[in-house]
Amino acid sequence: MDHPIQTLAVIGAGAMGSGIAALYAARGIDVVLIDPVPGALSRAAEVIDRQLGVYAPDGVAEARRRIRMDDGLEAACAGDLVIESIPEKLELKRDVFARLDTLCPAESIFATNTSGLSINAIADAVTRRDRFVGTHFFTPADVIPLVEVVRNDDTSVDTVERVMASLRYVGKRPVLVNRDIPGFIANRIQHALAREAISLLEQGIASAEDIDEVVKWSLGIRLAITGPLEQRDMNGIDVHHAIATYLYPDLENRTTPSPLLAQKVADGHLGAKTGQGFYSWPAETREQILRDKSATLTELVALLQKRRAD
C-alpha cells in the first residue's frame, strides 16, 4: 500500500497537531488543519514554517501550499484519515469525536493522539469503533520517528494496516499496541524513569543537571541503539536478576506523584512554557534552545536511520 491516504485532517493546531500537519505535507499529502481557537492557526503557521525549515528547508513553500487551515470541524469531512490532537481531556476528546462521527463519511478512519488516555473510552463516542485507533506521536511530532498505534477492543485489522501504512509512508516507525492499557508502552517506561529521577533529586542525591547528565551520557546513548530488553540479553539475564534482587526493594515505588512534583505544579513552575521548572528557561533564549534541540534530534534520527539502512 504505497499511498494509503489522499487527504489528512488534523484537529487541533497546537505543537503536536502542527507537527503532524507539517510532516504529512512535507511528504506530499494534502492536509486540512482545523482549530476554532482564535489565533491558533496563525501561531501554527509559524510553528510549521520553523519545523519545515529544520528538516525540509528546500520544500517549505511547497509543503505549506498543501496545508489548508480552517476553524470549522466540518472541514474534517475531506480527510480519509482524521487525527485528533487536542488537549488531554477525555470528555473534550469524546465530544469532538461524537461530532465528527455525524459529520464525516462512514469510510473515514478516526485516530486520537493521546499520551495514555483509554482508547476504548474515547472510541465509545463513535459508532465506527472498528475504524478507530490511538496514534501516540512524540514531541516533536514531525521529528521523533516512533508512533504507538493502539487498538481498541473492536479495531479492525484493515484499519490498523491502513493507519500503519500511512505512518510508514511519511517516514514513521509505527508499533502496534495490542491492548489498551494506561500509558501504553513508552509512557509507562518514561514515567518509571522520571519517577526515579525526581526521587533522586528530592532526596538530594544529585542536582537536576547531574541526574540528566548521567541519563544522557550513559543510558541515553545506549538506548538509541539497544532497547532495555536487548540490553538485558547483552549484559546477561543472570546479572540483571542478581542486581534486581538487592536494588528493586530500594527503588522509588510511589503510586502518587511526588511532593516535589506537586509543589512545582502548585507554584506554576511548569517547565519551558512558563520559564521555570527543574531548570530556568529565559524567554529570550527559550525559542532558540527548542529550535536547536529539534535540529539536533533531526540529525540524530538521520544518523540512526542511515546506520540501520547500511
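Charged neighbours of residue 86, selected by a Cβ distance under 14 Å, balance to -2 (K, R count +1; D, E count -1).
Note down the net charge around residue 44, summing +1 for each Lys or Arg and -1 for each Asp or Glu among other residues with Cβ under 13 Å from its Cβ.
Working: positive: 43, 50, 64, 68; negative: 35, 46, 49, 70, 71, 142.
Every neighbour counted, the sum reads -2.
Under the classification rounded if a/c is under 1.5, otherwise prolate if a/b is larger than b/c and oblate if not, where does the range 201-310 fall, given a ≥ b ≥ c as square roots of the Cα gyration tensor eigenvalues? Verdict is oblate for the range 201-310. Quick one: check the C-alpha center-to-center distance for the range 54-118 versus the range 221-239, whole angstrom. Between the Cα centres of the range 54-118 and the range 221-239 lies a distance of 37 Å. Computed 3J(HN,Hα) for the range 103-120, one whole-Hz value per residue from the Karplus formula 6.51 cos²θ - 1.76 cosθ + 1.60 where θ = phi - 60°, is 8, 8, x, 4, 7, 5, 9, 9, 9, 10, 8, 9, 7, x, 5, 5, 5, 4, glycine and proline marked x. As a calculated quantity, the FRET efficiency between residue 118 and residue 207 at R0 = 45 Å, using C-beta atoms, amounts to about 0.75. The length gained by stretching the chain between residue 173 and residue 68 to full extension, at 0.36 nm per residue less their Cα-Cα distance, is 35.2 nm. Inter-label distance, residue 153 to residue 286: 4.3 nm, where each label sits 7 Å from its Cα along the C-beta direction. What share of the DSSP beta bridges in the chain is antiparallel, in percent to the nearest 5? The antiparallel fraction comes to roughly 20 percent.
For the range 183-310, the per residue solvent-accessible surface stands at 74 Å², with DNA, RNA and ligands left out and a 1.4 Å probe. Backbone amide hydrogens, once placed in the peptide plane, bring residue 112 within less than 5 Å of 84, 133, 134, 135, excluding anything fewer than 5 places away on its chain.
Other residues lying with their Cβ under 14 Å from the Cβ of residue 196 contribute a combined charge of -1, Lys and Arg counting +1, Asp and Glu -1. The distance separating the Cα centre of the range 133-211 from that of the range 1-41 comes to 20 Å.
Efficiency by 1/(1 + (r/R0)^6): what FRET value for residue 196 and residue 165, r their Cβ-Cβ distance, R0 = 41 Å, to the nearest 0.05?
It comes to 0.65.
The portion of the accessible surface of the chain made up by carbon and sulfur, rounded to a whole percent, is 56 (1.4 Å probe; DNA, RNA and ligands excluded).
Calculated from DSSP H runs of 4 or more alone, at -39500 (n - 2.57) each and per residue, what is the 222 nm mean residue ellipticity of the chain, nearest 500?
Calculated mean residue ellipticity at 222 nm is -14500 deg cm²/dmol.
With a/c under 1.5 counting as rounded, go ahead and sort the range 127-191 into rounded, prolate or oblate using the C-alpha gyration tensor (a ≥ b ≥ c being the square roots of the eigenvalues; past the cut-off, prolate if a/b is larger than b/c, else oblate). Note, shape of the range 127-191 comes out oblate. The phi-based Karplus calculation (6.51 cos²θ - 1.76 cosθ + 1.60; θ = phi - 60°) puts the 3J(HN,Hα) values of the range 60-72 at 4, 5, 5, 5, 4, 5, 7, 9, 9, 10, 8, 9, x Hz, whole numbers, x for Gly and Pro. Given q = 0.09, 0.14 Å⁻¹, what are the Debye log10 I(q)/I(0) values for the chain, with equal point scatterers placed on the Cα positions and solvent ignored? Results for the chain at q = 0.09, 0.14 Å⁻¹ read -0.51, -1.23.
By DSSP, the beta bridges lying fully in the range 83-154 are antiparallel in about 45 percent of cases. Using Cα atoms only, what is the angle between the long axis of helix 186-202 and the major principal axis of the chain, expressed in degrees (0 to 90) to the nearest 10? Its long axis makes an angle of about 40 degrees.
Annotation for the range 79-137: trypsin sites (Lys or Arg not before Pro) lying in DSSP loop with at most 15 further Cβ atoms inside 10 Å of their Cβ are 89. Between amide H atoms placed 1.01 Å from N, distances below 5 Å from residue 32 occur with 8, 9, 10, 68, all of them 5 or more places distant or on a separate chain. Note on residue 260/residue 188: beta-carbon distance plugged into 1/(1 + (r/R0)^6) with R0 of 25 Å gives a FRET efficiency of 0.75. Quick one: among 126, 160, 214, which has the greatest mean-square fluctuation in a GNM of the chain with alpha-carbon springs under 10 angstrom? Looking only at 126, 160, 214, the biggest GNM fluctuation is shown by 214. Applying the Karplus relation 6.51 cos²θ - 1.76 cosθ + 1.60 with θ = phi - 60° to the range 227-235 yields 3J(HN,Hα) values of x, x, 6, 4, 5, 4, 4, 5, 6 Hz, where x marks Gly and Pro.
The slack in the chain from residue 146 to residue 293, taken as 0.36 nm per residue of separation less the alpha-carbon distance, amounts to 51.2 nm. Is the C-alpha gyration tensor of the range 151-240 telling us rounded, prolate or oblate? Criteria: a/c under 1.5 is rounded; beyond that, a/b larger than b/c is prolate, otherwise oblate. Judged from the Cα gyration tensor, the range 151-240 comes out prolate (a/c at least 1.5, a/b above b/c). Just so you know, the Cα atoms of the range 36-183 work out to an Rg and Dmax of 15.4, 43 Å.
For residue 215 and residue 250 in the same chain, what is the full-extension length gain: residue separation times 0.36 nm, less their Cα-Cα distance, in nm? Numbers along the way, then the final one.
Values: separation 35, 0.36 × 35 = 12.60 nm, distance 1.90 nm.
Working it through step by step, the gained length comes to 10.7 nm.
The values are calculated or read from the model by the stated rules, or taken from the named source; none is laboratory data. Worth saying up front: this structure is predicted, and the values here are computed from it rather than measured. Please note: Cβ atoms are built from the backbone with ideal geometry, for glycine as well, and neighbour counts cover all protein chains shown. SASA here: full protein model, heavy atoms, side chains in, ligands and nucleic acids out. Shrake-Rupley method; radii C 1.70, N 1.55, O 1.52, S 1.80 Å.
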